[in-house]
């Protein structure tokens, strides 16, 4: 009986996941090119009233990993890292309200199928049922592949870029001053952050990407972003999928966007410790320490602060 239930859940989740390309195409079919691009250039807040512009040297947008169910991460460990960044960088604005695995920023628990995803979300905290809960990871991971796909990725990444732009506006981003923006992506959020940055950079926004164990493709956005910071753990095998499955990252692809950015010194890759991709001993674990006695979480925070402080030195610029 249990096997039949699990099989049914797997089949249902696969149906949802395989619809990922259609979701982005349906989103695009309901919009016109000019309207979408204009809304990116002058996005409004949810109530249609622009937020009061905030003077900040840097705006930071965080995109959570493939275990997320909505734009507001319920991971206390991730929240602790973001709180530390906000405390250590008082001249920066740190936001985390974009769900990177949906074109309309609707979390999985905000849909007609919310009963299904809420149950899986609860199972994430039950050790004996974690296999079923990983269906959330599967569903979101296939959105990462959509982002990296040259056929469907442009429309999907444009939709996420629009949500990021609206988040920036909600938090007081001044589109006349155009302060530097860094999009942080954990796990699958790394690739989606990179793909969406192509459009943000097209608006003359100085945008950089910080990947925490991201599965990254040779995305065209690498021709536009200021810098890509990629940190990883020596025991994180998931992030190795990037240079393995995406031909643009192979050593033979010498004219790819990845290869050009590497030659120009716009990619920094750093192994920050023996972290795993997710779960215990991952990048947000504060209980496990390395050989120097430094917690894994602190290593991640230190790498983030070093990169963000570098990005804060970039000058804001006006369009045109």
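Structure above, values below:
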| read-out | value |
| --- | --- |
| Unique residue being out of contact with any strand residue (DSSP E or B) (no Cβ under 7 Å at 6 or more places or on another chain) and surrounded by fewer than 20 Cβ atoms within 10 Å (Cβ to Cβ) when the list is 274, 247 | 247 |
| Cβ pairs under 8 Å, 6+ apart, first in the stretch 247-274 and on the phi > 0 side of the Ramachandran plot and modelled with pLDDT of 95 or more, second crowded, with 20+ Cβ neighbours inside 10 Å and not in a helix (DSSP H, G or I) | 273/233 |
| Filter result for the condition that a residue is over 15 Å from residue 63 (Cβ atoms) and free of Cβ contacts under 8 Å to residues at least 60 places away in the same chain, over 150, 180 | 150 |
| Residues (more than 17 Å from residue 171 (Cα to Cα) and either at pLDDT 95 or above or surrounded by 17 or more Cβ atoms within 10 Å (Cβ to Cβ) (or both)) located in the stretch 51-74 | 64, 65, 66, 67, 68, 69, 70, 73 |
| Filter result (part of a loop (DSSP other than H, G, I, E, B) and either in contact with a helix residue (DSSP H, G or I) (Cβ under 6 Å, 6 or more places away or on another chain) or in contact (Cβ under 8 Å) with a residue 40 or more places away in the chain (or both)) within the stretch 285-312 | 285, 286, 288 |
| So residue 137, is it outside any helix (DSSP H, G or I) and at pLDDT below 95 | no |
| Filter result for residue 282 (in contact (Cβ under 8 Å) with a residue 12 or more places away in the chain, touching a helix residue (DSSP H, G or I) at 6+ places or on another chain (Cβ under 8 Å) and farther than 22 Å from residue 215 by Cα) | no |
| Qualifying residue in the stretch 303-313 (condition: over 21 Å from the mean Cα position of the chain (by Cα) and surrounded by fewer than 21 Cβ atoms within 10 Å (Cβ to Cβ)) | yes |
| Which numbered condition residue 110 fails, given (1) surrounded by fewer than 20 Cβ atoms within 10 Å (Cβ to Cβ); (2) more than 25 Å from residue 216 (Cα to Cα); (3) at pLDDT 95 or above | (3) |
| Filter result (assigned to a helix (DSSP H, G or I) and surrounded by 12 or more Cβ atoms within 10 Å (Cβ to Cβ)) within the stretch 250-271 | 257, 258, 259, 260, 261, 262 |
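To keep it simple, each residue is scored yes or no on (1) buried (at least 21 other Cβ atoms within 10 Å of the Cβ); (2) closer than 21 Å to residue 229 by Cβ.
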{"position": "157", "(1), (2)": "yes, yes"}
{"position": "165", "(1), (2)": "yes, no"}
{"position": "169", "(1), (2)": "no, no"}
{"position": "172", "(1), (2)": "no, no"}
{"position": "184", "(1), (2)": "yes, yes"}
{"position": "201", "(1), (2)": "no, yes"}
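The values are calculated or read from the model by the stated rules, or taken from the named source; none is laboratory data. Just so you know, these numbers come straight off a predicted model, no measurement behind them. Cβ atoms come from the backbone with ideal geometry, glycine included; neighbour counts cover every protein chain shown.
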